[in-house]
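The values are calculated or read from the model by the stated rules, or taken from the named source; none is laboratory data. Here the structure is a predicted model, which is why all the values come from computation and not from measurement. Here Cβ is always computed from backbone atoms with ideal geometry, including for glycine, and neighbour counts include all displayed protein chains. Quick note on the areas: whole protein, heavy atoms, side chains included, nothing else; ligands and nucleic acids left out. Shrake-Rupley method; radii C 1.70, N 1.55, O 1.52, S 1.80 Å.
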Amino acid sequence: MWSAGCVEEWMPTAAMVATNVVIAVMTALLKQALNQGMNRLVLITFRQMLATVFLGPIAYFKERKTRPKITAEIFAYLFLSGILGPVLLQYTLFVGLEYTTATFAATFGNLLPVVTFLISLAFGYEALEVRSKSGSAKISGTLLSLTGAMMLTFYKGASLTHLHHHLPPSSAAVAGVEEQHRSAVRWVLGSASMLANVVGFAGWLLLQRRLTRLYPAVYSATALMSLLSFAQAAALALSTQWGAGLAAWRLRGTVEIAAVVYCGVVASGVGYLLLTYCVEKRGPVFTAAFSPLAQMFVAGIDLCVLHEPLYLGSVLGSVLVILGLYLVLWGKREEAAVAAAATAAPAKTVEVAAAGHGDVAEQQERV
């Protein structure tokens with residue numbers, strides 16, 4: 001029988017595994033829906049609408065007694081968070097997914113802690129001790145991850161899983177060169193879009209730090225961001241798809257319907273709740289350490305279900321990115337441990353001094 005303490009200890013781990021499965025399935029569904037020609041802004045609009053419907057009641061009942069009033073400054077932060085996060089970041093993710101593979105997009109997600117560290121360092125939110133073990137680990141991890149990102153972008157390499165189709169000799173040379181050129185251009189554009197996604201996501205996380213201090217009701221803030229981003233995405237979609245009429249908003253086939261419902265309810269709703277639970281229980285470093293799991297799950301779906309090719313450059317770049325990720329996370333953990341020890345030392349000194357003072361007083365009383 002599992003004890004209550006054992007269940008409590010392993011629940012965050014199980015929740016993070018489940019979260020990464022949710023992310024992997026979402027990535028595969030999005031890739032399929034985009035390949036079938038679904039409009040990106042329409043997909044964002046439907047997703048944020050369902051996320052609002054799912055998270056709104058939870059936020060209302062969970063935080064109705066602790067929710068602070070919304071000021072003009074808080075609304076401005078919510079509005080910016082909505083347009084930057086759910087709208088622009090999802091759009092760049094969809095472009096990257098459409099132009100590359102699901103595994104490639106998942107690999108770039110592992111760069112997030114590294115890019116966040118660099119931006120925090122540039123704005124003075126984080127310090128760096130170059131001569132310490134933690135500082136050396138963060139520098140080495142950052143360089144490794146950036147090298148892996150460059151390899152992912154500029155070195156595609158041979159396909160490790162699929163053989164190329166043989167064309168007739170008369171058309172093989174021309175068609176082969178044209179196809180390679182188109183594929184290379186799309187790959188670089190997709191890589192640039194994914195890099196913009198990661199950098200934007202890191203900036204969005206720093207924006208959330210300020211928003212959380214002003215408006216600590218996390219569930220309500222997420223629900224309001226979903227509502228605002230739904231309105232923003234709908235306005236952009238209507239303005240860009242005006243000539244298409246209702247045809248652009250019609251969901252065609254099971255894949256598009258499943259992508260919208262799954263992303264809106266399961267990924268944005270259930271996935272967010274699981275991630276929030278894990279951050280509250282174990283902290284952000286613990287949750288970030290599980291991010292390579294999503295890449296492994298996505299790679300399995302990519303190969304077995306979507307039958308996407310796996311390239312040598314993707315494998316080598318992924319290894320470097322993951323190694324760099326864990327070096328940065330180890331450095332942050334060591335830094336936190338040193339800071340905790342330094343904070344605990346003065347308290348222990350005061351406690352010892354107080355105990356010594358008590359012994360002296362006791363001796364004086366005996367005399």
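Can you spot a residue in segment 66-75 that is within 18 Å of Y219 (Cβ to Cβ) and either open to solvent by less than 10 Å² (accessible area, probe 1.4 Å) or in a helix (DSSP H, G or I) (or both)? I'd like the intermediate steps shown before the answer.
Let us first name the residues in segment 66-75 that are within 18 Å of Y219 (Cβ to Cβ), namely 66-70, 74-75.
This time we only want the ones that are either open to solvent by less than 10 Å² (accessible area, probe 1.4 Å) or in a helix (DSSP H, G or I) (or both), so: 74-75.
Yes: one or more hits.
Quick one: would you say M225 is hydrophobic (A, V, I, L, M, F, W, C), modelled with pLDDT of 90 or more, assigned to a helix (DSSP H, G or I) and crowded, with 20+ Cβ neighbours inside 10 Å? Here the answer is yes, as M225 does meet what is asked. Right, A122: open to solvent by less than 10 Å² (accessible area, probe 1.4 Å) and modelled with pLDDT under 90 or not? No; evaluated as a whole, the condition is false for this residue. Return the residues of segment 230-289 that are of a type in the set (S, T, Y) and closer than 21 Å to N35 by Cα; say none if nothing qualifies. Across segment 230-289, the qualifying residues are T240, T254, Y262.
Give the residue that is surrounded by the most Cβ atoms within 10 Å (Cβ to Cβ), with candidates limited to residues of segment 280-327 that are out of contact with any strand residue (DSSP E or B) (no Cβ under 7 Å at 6 or more places or on another chain) and among the aromatic types (F, W, Y). Looking at residues that are out of contact with any strand residue (DSSP E or B) (no Cβ under 7 Å at 6 or more places or on another chain) and among the aromatic types (F, W, Y), I get F297.
Checking the conditions here, which among L84, L78 is in a helix (DSSP H, G or I) and in contact with a Leu (Cβ under 6 Å, 6 or more places away or on another chain)? Steps first, answer last, please.
On the way: L84 fails: in contact with a Leu (Cβ under 6 Å, 6 or more places away or on another chain).
Selected residue: L78, the only one of L84, L78 that is in a helix (DSSP H, G or I) and in contact with a Leu (Cβ under 6 Å, 6 or more places away or on another chain).
Only residues that are modelled with pLDDT under 80 and within 30 Å of E126 (Cβ to Cβ) were counted in segment 302-331, giving 0.
When A28, A33 are checked against the criterion of being modelled with pLDDT of 90 or more, in a helix (DSSP H, G or I) and surrounded by 14 or more Cβ atoms within 10 Å (Cβ to Cβ), a single residue qualifies: A33. Restricting attention to segment 38-62, the residues being assigned to a loop (DSSP other than H, G, I, E, B) and in contact with an Asp or Glu (Cβ under 9 Å, 6 or more places away or on another chain) number 1.
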